[in-house]
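Since every read-out is calculated from the coordinates, none of them should be taken as a lab result. Keep in mind it's a predicted model, so treat the numbers as computed, not measured. All Cβ positions, even for glycine, are placed from backbone atoms using ideal geometry, and neighbour counts span all protein chains on display.
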Amino acid sequence: MHRLLKPADYVRMPWKDGGGQTTQIAAHPSTSTLDTFDWRVSFADVAADGPFSRFPGIDRVVVLLSGAGMLLSGDAHSVELRAPFEPYAFSGDDAVSCALVDGPVRDFNLMLRRGRVAGRIVVVRDAAERIAPARWRICHAIGGAIECLVPGHPPVAVALDDTVVFEDDSGAAGGALAINPLAAGAVALVSVIEPVP
């Protein structure tokens, strides 16, 4: 089954530490809070230098979407995120500070509760790609429209800034998900998530 989410469906809220604003795209369970989700996908608008919110017990993946970049440091982290669409994974337990390179940035976040779910972000750009079956595959369109194809189902068109959530209880029997960029510059960020046995 799948559900298509529009920007009007996303939820704007303060960061956990109150230092900025985040836009929650989707979370599981749907009624969960920042302290109870199993997984969560969101944007963050980073307008000033400062610490990232701490999320103990959460594995995080961040992807720069726009802006000149940011420098992450602290707890053995020292990395420059300057190129868009390159996932960087770290622990929400870590004390990580952000220094902006040259003005505000926007990033995409995948958060996974350790011991309950595991996942990754697949970046699809320039050419079609197939995503192996998984319990959840959350596909967000950046830069232009994309199309999602699952065997036995009609194509799902995903417009710029929209998101489609595929949930499949059947596991490997559900079939691969084909992602086709439909416009020059279109990029799909696909969060692939599985429960931990």
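Among 16, 6, what is the fewest-to-most ranking by other Cβ atoms within 10 Å?
6, 16
Once the Cα gyration tensor of segment 41-124 is found, what semi-axes does its equivalent ellipsoid get, as square roots of 5 times the eigenvalues, in whole Å, sorted largest first?
Square roots of five times the eigenvalues give 20, 15, 10 Å.
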Karplus 3J(HN,Hα) series, Hz, for segment 37-46 with 6.51 cos²θ - 1.76 cosθ + 1.60 (x for Gly, Pro): 5, 7, 9, 8, 10, 7, 9, 10, 9, 9
Explain nothing, just the number: dipole magnitude of the chain about its Cα centre with +1 on each Lys and Arg Cβ and -1 on each Asp and Glu Cβ, in debye rounded to the nearest 20. 280 debye
Computed over segment 81-197, the relative contact order (Cα-Cα under 8 Å, seq sep at least six) in percent reads 36 percent
HN-Hα couplings for segment 133-139 via Karplus (6.51, -1.76, 1.60; θ = phi - 60°), in whole Hz with x for Gly/Pro, come out as x, 7, 4, 10, 9, 10, 10
Taking the Cα centre of segment 2-113 as the origin and placing charges on Cβ (Lys, Arg +1; Asp, Glu -1), which of 11, 48, 22 is farthest toward the positive end of the dipole? 11
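Rounded to the nearest 0.05, what FRET efficiency do residue 196 and residue 2 give with R0 = 22 Å and r taken as the Cβ-Cβ distance? Could you check?
Working: r = 23 Å, r/R0 = 1.05.
According to the calculation, E is roughly 0.45.
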Let me check against my output: what whole-number percent is the relative contact order of the chain, with C-alpha pairs under 8 Å and at least 6 apart? 22 percent
Rounded to whole Å and sorted largest first, list the principal axis extents of the Cα atoms in segment 85-197. 47, 40, 19
By the scheme Lys and Arg +1, Asp and Glu -1, what is the net charge of all other residues having a beta-carbon under 14 Å from that of residue 183? -3
Euclidean distance between Cα centres, segment 36-78 to segment 128-152, Å: 24 Å
Given a cut-off of 22 Å, what percent of all Cα-Cα pairs of the chain lie beyond it? 46 percent
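To make sure I understand, if each residue's beta carbon is the centre and we count other beta carbons within 10 Å, what order do 39, 15 fall in, fewest to most?
15, 39
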